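Worksheet for the structure shown next.
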Amino acid sequence: MNFTNIKTPAYVIDEKRLRENLEILADVQRKSGAKILLAQKAFSAYSTYPLIAKYLTGTTSSGLFEAKLAHEEFHDEAGDKKEVHTFEPAFCDDEIEEICEISDHLVFNSISQLEHHRPVWENASDKGTLSVGLRVNPEYSTQEGHEIYDPCAPGSRLGIRLCDMPQKLPKGVKGLHFHTLCEQGFEPLKETFDEFEKKFARFLPIDGNETDLEWINLGGGHHITKPDYDREGLIELVKYIKDKYQIDVYLEPGEAIALDAGYLVTTVMDIVKTEKYPVLILDTSAACHMPDVLEMPYRPPLKDSGEADEKAFTYRLSSRTCLAGDVIGDYSFDNEKSIGDRLIFEDMAIYSMVKNNTFNGMPLPDICILKEDESIITVKKFGYKDFKDRL
Ligand SMILES: *Cc1c(COP(=O)(O)O)cnc(C)c1O
């Protein structure tokens, strides 16, 4: 990897790593019969969509803008449109018509939203271009300590609880959706599905149940492309659902698609002595360019580094914003660092470009692609106008 000639800060998407993830996902699709979608909220660098569209069934969107992006950009090589799925806790009256026109699946978060928008979606559904579903809440938490990422946490607004479901699926509803996981393996999915299957049994097409269910969507949060993920287990579960209920099964991971498939390249601008570790002032920022570092929080992997005090020279990595807490973490190195050195943060394709901001008037990092032949192309450059235009 030769990142010495690019302007920093820059996100660099690693096309080879992306393709390797996509091959794993395509293999799961082929062996299980599941349909896998890219959750754009994690990764929407659309210059890579032609590559992703070669492998996956489509995309899922959090609203009109993501759906439009998918509709415009997510095509396979033949130019054929792939599936567009859209879920939003509440849809705007002035957006729903366009969303229905460009979406293949639309998922509502409440019966009141479903009924409020019925005249619009029924029209598209009668024409056969749209399939409508409901997001349910299996009320089964599988994560501890991260309530902000747990749609099953008490008081959650996401998904309809069984106690709020009608006796039968409302007319026109063809699918059920749940999304409850975050960065998890197969076991929590299995437990959640078992719970869902028990609780929502009356809606599933079996034993003479009167239901029009045609598909279920198991949401995202599946770390399918991690080496230790139990893919065989996932394949078996999808096959079981398809065999038993004769319905389509969708998965919509975001992270898994571009996991470990990108870097954030930054330059050391200054080194400030403190009573603790010396601080490297970088031309990037946790708050602006990797907000999950502060929100999640987590410590991003950094190439050729160790934990604090593990290697000879330890520094606190921070940024050129005025926020005291804009700290990425403490890292150690074999060699002393100098002004002008470059550092490479890893696993920076997901939840980075889609979440960045220009707080402090910080410039947005360029977006580059590391091609399979090791050449690097810059696909996006940003400047003052991008800052000014938002304010
Ligand atoms: C966030 C989200 C996803 C993708 O989640 P990942 O953790 O990135 O896999 C999928 N579906 C819904 C409804 C989501 O909110």
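The values are calculated or read from the model by the stated rules, or taken from the named source; none is laboratory data. Please read all numbers here as calculations on a predicted model, not as lab measurements. Counting neighbours? That spans all protein chains shown, and the Cβs are built from the backbone with ideal geometry, glycine included.
Here are some notes:
- Consider the range 263-295 and keep the residues that are closer than 16 Å to MET353 by Cα and of a type in the set (A, V, I, L, M). The one that is farthest from the chain's Cα centre (by Cα) is VAL265.
- When ILE36, ILE24 are checked against the criterion of being in contact with a helix residue (DSSP H, G or I) (Cβ under 6 Å, 6 or more places away or on another chain) and within 15 Å of the ligand (Cβ to nearest atom), a single residue qualifies: ILE36.
- Criterion applied to LEU169, LEU176, LEU181 was being of a type in the set (A, V, I, L, M), in contact with a Pro (Cβ under 7 Å, 6 or more places away or on another chain), buried (at least 18 other Cβ atoms within 10 Å of the Cβ) and not in a helix (DSSP H, G or I), and the one residue passing it is LEU181.
- Boolean, GLU98 is touching a helix residue (DSSP H, G or I) at 6+ places or on another chain (Cβ under 7 Å), more than 14 Å from the ligand (Cβ to nearest atom) and assigned to a loop (DSSP other than H, G, I, E, B): no
Here is a yes/no grid of residues against (1) touching a strand residue (DSSP E or B) at 6+ places or on another chain (Cβ under 8 Å); (2) crowded, with 21+ Cβ neighbours inside 10 Å:
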{"residue": "ASN217", "(1), (2)": "yes, yes"}
{"residue": "ILE224", "(1), (2)": "yes, yes"}
{"residue": "GLU232", "(1), (2)": "no, no"}
{"residue": "ALA256", "(1), (2)": "yes, yes"}
{"residue": "TYR263", "(1), (2)": "yes, yes"}
{"residue": "THR267", "(1), (2)": "yes, no"}
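- Contact map, the range 120-141: residues that are under 16 Å from THR180 (Cα atoms) paired with residues that are away from the ligand (no atom under 16 Å from the Cβ) and not in a strand (DSSP E or B), Cβ distance under 6 Å, separation 6+ or inter-chain. Pairs shown: PRO138/GLU195; TYR140/GLU195.
- Filter result for GLU310 (among the acidic types (Asp, Glu) and within 16 Å of the ligand (Cβ to nearest atom)): no
- Taking the listed residues LYS226, LYS199, the one that is within 16 Å of the ligand (Cβ to nearest atom) and touching a residue at least 24 places away in the same chain (Cβ under 8 Å) is LYS226, with no other qualifying.
- Candidate set: the range 246-262, residues that are of a type outside the set (Gly, Ala, Ser), under 21 Å from GLY175 (Cβ atoms) and within 14 Å of the ligand (Cβ to nearest atom); chosen: the one farthest from the chain's Cα centre (by Cα): TYR250
- Test for GLU73: is it closer than 16 Å to MET348 by Cα, in contact with a helix residue (DSSP H, G or I) (Cβ under 9 Å, 6 or more places away or on another chain) and away from the ligand (no atom under 16 Å from the Cβ): no
- Meets criteria (closer than 17 Å to PRO253 by Cβ, charged (D, E, K, R), in contact with a strand residue (DSSP E or B) (Cβ under 9 Å, 6 or more places away or on another chain) and at pLDDT 95 or above) for GLU23: no
- Residue within the range 287-297 that is more than 16 Å from the ligand (Cβ to nearest atom), free of Cβ contacts under 8 Å to residues at least 60 places away in the same chain, outside any loop (DSSP other than H, G, I, E, B) and farther than 25 Å from MET1 by Cβ present: yes
- Residues that are over 13 Å from ASN109 (Cα atoms) and within 16 Å of the ligand (Cβ to nearest atom) within the range 146-182 comprise HIS146, GLU147, ILE148, TYR149, ASP150, CYS152, ALA153, THR180, LEU181, CYS182, listed in sequence order.
- Checked against (1) within 16 Å of the ligand (Cβ to nearest atom); (2) part of a loop (DSSP other than H, G, I, E, B), PRO205 meets all criteria but (1).
- Test: residue in the range 63-71 that is part of a loop (DSSP other than H, G, I, E, B) and acidic (Asp, Glu): no
- Selected residue (only one of GLU72, GLU15, GLU88 is charged (D, E, K, R) and under 15 Å from the mean Cα position of the chain (by Cα)): GLU88
- Set side by side, the residues TYR240, TYR298 differ, and just one is surrounded by fewer than 19 Cβ atoms within 10 Å (Cβ to Cβ), at pLDDT 95 or above and under 27 Å from the mean Cα position of the chain (by Cα), which is TYR240.
- Within the range 230-237, not a single residue is part of a strand (DSSP E or B) and farther than 30 Å from ILE6 by Cα.
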